[in-house]
1. Taking Asp175 and the conditions (1) outside any helix (DSSP H, G or I); (2) modelled with pLDDT of 95 or more; (3) within 13 Å of the ligand (Cβ to nearest atom), which numbered condition does it fall short on, given that it satisfies the others?
2. Against the definition (within 14 Å of the ligand (Cβ to nearest atom), buried (at least 20 other Cβ atoms within 10 Å of the Cβ) and under 30 Å from Ser148 (Cβ atoms)), how does Gly64 come out, yes or no?
3. I'd like the full set of residues that are under 20 Å from the mean Cα position of the chain (by Cα) and not aliphatic (A, V, I, L, M), limited to the range 119-146.
4. Given the conditions (1) touching a helix residue (DSSP H, G or I) at 6+ places or on another chain (Cβ under 6 Å); (2) within 16 Å of the ligand (Cβ to nearest atom); (3) assigned to a helix (DSSP H, G or I); (4) free of Cβ contacts under 8 Å to residues at least 40 places away in the same chain, and given that Asn225 satisfies all but one, which numbered condition is not satisfied?
5. From the list Leu52, Leu24, Leu60, pick out the single residue that is farther than 22 Å from Gln90 by Cβ and touching a strand residue (DSSP E or B) at 6+ places or on another chain (Cβ under 8 Å).
6. Among the residues of the range 20-38, which ones are surrounded by 17 or more Cβ atoms within 10 Å (Cβ to Cβ) and out of contact with any helix residue (DSSP H, G or I) (no Cβ under 7 Å at 6 or more places or on another chain)?
7. Might you let me know whether the range 69-87 holds any residue that is of a type in the set (Phe, Trp, Tyr), surrounded by fewer than 22 Cβ atoms within 10 Å (Cβ to Cβ) and touching a strand residue (DSSP E or B) at 6+ places or on another chain (Cβ under 8 Å)?
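The values are calculated or read from the model by the stated rules, or taken from the named source; none is laboratory data. What you see is a predicted model, and the numbers here were worked out from it, not measured in a lab. Don't worry about glycine lacking a Cβ; one is built from the backbone with ideal geometry, like all the others, and counts go over all protein chains shown.
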Amino acid sequence: MKKLFSKLYKNGNDDFNEEMSKWLKNNKKQFIVTANPETFMKSKDDNEINTLLLDEDTILVPDGIAIVKTANMLGYNIKERIAGIDIANQLLEEGNKQKKSIYLFGSKQEVIDDLIKTIVEKYPNLTIAGSSNGYKEDKDKVFDEIVSVKPDIVLVALGIPAQEKLIYKHLDRFDKGIFVGVGGSFDVMSGHKKRAPKIFIKLNLEWLYRIACEPKRIKRFYDSNVKFMFKALNRRNKND
Ligand code: UDP
């Protein structure tokens, strides 16, 4: 896990937004993984995830207060959490400014439809290169379409780790594009689900709000976050 911690982006939201703006301007190809404890935990038993996280071209951002706090306790100087949904919103903003194009893949069809309505209204200069809901059986075929339309931004909302694996599998087929797995962000961006009130976000308690709204998340939270902190801190002196 040490290698993963040392790969985490350290400088916080403002600097990261600037980086994304530059990548877009220069048509750079960039895969962003918003890493939370679940991602780190899964990497231990899943070689595919481990490989994609450690790939030197993959950028890992700390999406979760447990990641930030644990990293800092282990001596890595991580400024703050960078949430997947904030990255997604920033890419819409910046893509609109730079008149770029976007492909939206994932979530239910009605969510995608409402998200597109919002984008057309709020970001008129951002071209929607295409979209697909996340429940198609052949997800590789969706990527054939994404490759053919050459979007500048590709947001994939299928949940961890399916979204990251799929992006990584097809990444070599692209010359440009910013690729991010954004989990449940489309549900919130489309208005189908509410994000936590600002005070929860500010106090780093967004996880608590999500559990309160969806109590079935508690097992997932325990399995990833709680076990993760114990494991990571226990290993403080080991080399894994
Ligand atoms: N999803 C999908 N296809 C699937 C399974 C999930 O498109 O086969 C979508 C689901 O509709 C939701 C997102 O993936 O929008 C995952 O959301 P979740 O809140 O579980 O992700 P998290 O942010 O917790 O990783």
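1. Here Asp175 clears every test but (3).
2. Numbers: within 14 Å of the ligand (Cβ to nearest atom): yes; buried (at least 20 other Cβ atoms within 10 Å of the Cβ): yes; under 30 Å from Ser148 (Cβ atoms): no.
Judged against the criteria, Gly64 is not a match.
3. Once the filter is applied, which keeps residues that are under 20 Å from the mean Cα position of the chain (by Cα) and not aliphatic (A, V, I, L, M), the range 119-146 yields Gly130, Ser131, Ser132, Asn133, Gly134, Tyr135, Lys139, Asp140, Phe143.
4. In the conditions (1) touching a helix residue (DSSP H, G or I) at 6+ places or on another chain (Cβ under 6 Å); (2) within 16 Å of the ligand (Cβ to nearest atom); (3) assigned to a helix (DSSP H, G or I); (4) free of Cβ contacts under 8 Å to residues at least 40 places away in the same chain, Asn225 misses (4) alone.
5. Values: Leu24 fails: farther than 22 Å from Gln90 by Cβ; Leu60 fails: farther than 22 Å from Gln90 by Cβ.
Unique residue meeting the criteria: Leu52.
6. Trp23
7. Taking the range 69-87 and keeping what is of a type in the set (Phe, Trp, Tyr), we get 76.
Right, trim to surrounded by fewer than 22 Cβ atoms within 10 Å (Cβ to Cβ) and you get 76.
From the residues that got through so far, the ones that are touching a strand residue (DSSP E or B) at 6+ places or on another chain (Cβ under 8 Å) too are 76.
Yes, the range 69-87 has at least one match.
A quick yes/no check of all residues on (1) assigned to a strand (DSSP E or B); (2) surrounded by fewer than 22 Cβ atoms within 10 Å (Cβ to Cβ); (3) of a type in the set (A, V, I, L, M, F, W, C); (4) within 12 Å of the ligand (Cβ to nearest atom):
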| residue | (1), (2), (3), (4) |
| --- | --- |
| Gly130 | yes, yes, no, no |
| Glu137 | no, yes, no, yes |
| Asp140 | no, yes, no, no |
| Phe143 | no, no, yes, no |
| Pro151 | no, no, no, no |
| Leu155 | yes, no, yes, yes |
| Lys165 | no, yes, no, no |
| His170 | no, yes, no, no |
